[in-house]
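J.: I am attaching a structure below and will ask some questions about it afterwards.
Values quoted throughout were computed directly from the atomic coordinates according to the rules given, and no laboratory measurement underlies them. The model shown is predicted, which means the values in this text are computed figures rather than measured ones. With ideal geometry, Cβ positions are generated from the backbone for all residues, glycine too; neighbour counts draw on all protein chains shown.
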Amino acid sequence: MRGADKLQIPRFARNDNLDFMTTTDVLVIGGGPAGLAAAIAARQRGLGVTVVDSSVPPIDKPCGEGLMPDGLAALADLGISIPAEESHPFRGIRFVSSESAVDASFPSGHGVGIRRTALHGLMVERAIEAGVTLRWGTTVTALDHEGARLGDELVRVPWIIGADGLHSRVRAWAGLGGGACRRRRFAFRRHYRVAPWSDCMEIHWGPRSQLYITPIGREEICLVAISRDPKLRIDEALADFPAVAARLEQVEPASMERGALSLTCRVRRVCAGRVALIGDASGAVDAITGDGLCMAFRQAARLAECLAAGSLEHYQSAHRSLMRRPAFMGELMLTLERPAWLRRRVMRAFASRPEMFAKLLAAHVGELSLAGFAANGLALGWGMLAA
Ligand SMILES: Cc1cc2nc3c(=O)[nH]c(=O)nc-3n(C[C@H](O)[C@H](O)[C@H](O)COP(=O)(O)OP(=O)(O)OC[C@H]3O[C@@H](n4cnc5c(N)ncnc54)[C@H](O)[C@@H]3O)c2cc1C
């Protein structure tokens with residue numbers, strides 16, 4: 001049974017007169033993965049925490065549903081381990097194009113695919129165990145100089161965390177700007193009831209889109225198609241990937257197709273006064289990196305340290321340094337998006353020198369420094385000339 005299904009989730013009514021107002025040090029706005037991670041990390045450091053979300057669990061969201069080894073380590077620090085029966089491991093990443101394929105294993109550990117709702121359920125369960133107060137079905141409508149407004153109710157708290165996703169209103173209310181988005185892509189996700197055919201998470205590169213395939217169970221995969229075309233749905237995208245289409249021809253979808261935006265956004269300032277941002281609200285990298293959740297979990301630990309120390313002073317620089325690697329890798333990976341001749345050359349270079357691809361993966365999961373990877377990049381450039 002999935003974590004989300006077996007949970008008895010307490011849901012407080014909007015106008016409950018709870019004593020959380022006198023015991024809460026931190027109000028987290030948004031109970032997605034970033035908000036729950038921030039809440040658990042703050043509780044681990046002894047702070048009183050309330051999470052408010054306008055939705056009710058299990059909260060779903062289109063996602064590739066892959067957790068890299070560094071994301072799993074960050075989750076373990078929050079006291080969350082992923083049960084084998086609710087997930088599926090993968091040993092590395094495989095890039096596939098029409099002409100060639102290359103894969104590499106993670107330098108250490110493995111990744112895990114897990115349904116978004118199951119991950120959310122596990123995080124809710126852990127938040128409850130850690131003593132976080134959860135208020136579902138409750139929308140924060142404004143911030144003012146005293147705290148946050150939940151409709152008519154004013155919540156006065158020392159600290160507010162904005163974990164309200166890509167289109168964060170907390171960010172705007174706190175005067176932290178709208179976020180500078182340099183790239184907007186469109187993603188569609190569907191699950192299929194089929195045994196995973198690969199021990200890797202696969203990224204298939206096509207002329208109009210990429211397919212991102214994650215094993216998430218013994219009999220289930222998650223497929224995401226991402227492109228710059230808002231109208232390109234999964235069935236049409238599959239026409240560019242005949243090998244994948246053939247595998248899925250007779251397979252029953254296990255979920256409805258759902259769409260989401262994949263934005264690459266930079267937020268210049270992620271804290272002001274009593275407010276700090278985390279997760280997609282604090283900036284996002286393209287979905288192709290599979291790094292959004294890991295970044296949020298790592299931000300949570302740094303933010304909680306700052307809150308426990310009573311100052312957000314160091315959060316800005318900690319946040320910037322956590323974003324650097326995923327942002328760099330996102331830009332690098334998307335050079336493969338087009339033009340086609342460049343993709344062919346890079347894929348040929350990787351196929352003839354798979355150790356370069358292994359270094360790319362090591363840099364992606366933080367096991368090779370960006371400086372070390374830059375030296376490898378020179379080798380890749382040389383390999384492309386020779387390919
Ligand atoms: C197609 C796609 C594939 C991806 N694949 C991966 C992957 O494989 N691996 C990975 O690590 N990352 C992946 N990501 C990124 C990852 O999904 C995001 O980084 C992650 O969802 C961010 O979580 P969050 O908690 O910041 O935001 P969200 O999950 O968006 O949560 C925000 C929450 O805030 C609540 N909220 C908003 N406003 C208010 C309000 N005013 N009052 C109360 N509540 C409010 C919402 O109800 C919501 O629950 C992918 C992203 C996309 C689009």
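J.: Of F241, A127, M295, which is farthest along the charge dipole of the chain in the positive direction, counting Lys and Arg as +1 and Asp and Glu as -1 at C-beta?
T.: About the Cα centre, the residue reaching furthest to the positive side is F241.
J.: Next question, about the same structure. Please state the relative contact order of the chain as a whole percent: Cα pairs under 8 Å, 6+ residues apart? Could you put the intermediate results ahead of the total?
T.: Numbers: 819 pairs, mean separation 81.5, N = 387.
Taking the mean separation of contacting Cα pairs over the length of the chain, I get 21 percent.
J.: Checking the a/c ratio against 1.5 first, then a/b against b/c, what shape does the Cα gyration tensor give for segment 318-362?
T.: On the way: a/c = 6.19, a/b = 1.67, b/c = 3.71.
Cα axes put segment 318-362 in the oblate bin.
J.: For the chain, give the magnitude of the charge dipole about the Cα centre (Cβ charges: +1 Lys/Arg, -1 Asp/Glu; no others), in debye to the nearest 20.
T.: 1120 debye
J.: Next up: In degrees between 0 and 90, to the nearest 10, how far off the longest principal axis of the chain does helix 116-130 point, with axes built from Cα atoms?
T.: So the inclination is approximately 40 degrees.
J.: Projecting each Cα onto the charge dipole of the chain (Lys/Arg +1, Asp/Glu -1 at the beta carbon, about the Cα centre), which of I80, L166, M333 comes out farthest on the positive side?
T.: M333
J.: What is the local net charge at S311, summed over the other residues whose Cβ is closer than 14 Å to its Cβ (Lys, Arg +1; Asp, Glu -1)? Working shown, then result.
T.: On the way: positive: R45, R274, R302; negative: D25, E305, E313.
Around S311, the surrounding residues sum to 0.
J.: Considering the dipole of segment 109-198 built from charges on the beta carbon (Lys and Arg +1, Asp and Glu -1) around the Cα centre, which of F186, W136, T117 is farthest to its positive end?
T.: F186
J.: Just to be sure I understand the model, the point goes 7 Å from the Cα along the line to the Cβ. What's the resulting A340 to D60 distance in nm?
T.: 3.5 nm
J.: Continuing with the same structure: Starting from the Cα of E257, step 7 Å toward the Cβ, then list every residue of segment 275-298 with an amide N under 15 Å from that point.
T.: none
J.: Please label the shape of the chain as rounded, prolate or oblate, based on the square roots a ≥ b ≥ c of the eigenvalues of the alpha-carbon gyration tensor (a/c under 1.5 means rounded; beyond that, a/b larger than b/c means prolate, else oblate). Working shown, then result.
T.: Values: a/c = 1.98, a/b = 1.59, b/c = 1.25.
Prolate.
J.: If you don't mind, another one. Name the residue, out of A42, A104, A142, whose mean-square fluctuation peaks in a Gaussian network model built on the chain with Cα pairs under 10 Å.
T.: Maximum fluctuation in the GNM of the chain, among the listed residues, is at A142.
J.: Is segment 191-281 best put as rounded, prolate or oblate by its Cα gyration tensor, with a ≥ b ≥ c the root eigenvalues, rounded for a/c under 1.5, and otherwise prolate when a/b is larger than b/c, oblate when not? Spell out each step's value before the answer.
T.: Details: a/c = 2.73, a/b = 1.91, b/c = 1.43.
Prolate.
J.: Give the angle, between 0 and 90 degrees and rounded to the nearest 10, that separates the Cα long axis of helix 340-352 from the longest principal axis of the Cα atoms of the chain.
T.: 80 degrees
J.: Which are the unpartnered cysteines of the chain, meaning those with no other cysteine Cβ under 4.7 Å from their Cβ?
T.: Cysteines lacking a close Cβ partner in the chain: C63, C200, C222, C271, C294, C306.
J.: Between I128 and D152, what FRET efficiency comes out of the Förster formula 1/(1 + (r/R0)^6) with R0 = 30 Å and r the beta carbon distance, rounded to 0.05?
T.: Values: r = 27 Å, r/R0 = 0.90.
For R0 = 30 Å, the calculated efficiency reads 0.65.
J.: Return the single residue from S87, S317, S209 with maximal mean-square fluctuation; model: Gaussian network over the chain, springs between Cα atoms under 10 Å.
T.: Sorting by GNM fluctuation, first place goes to S317.
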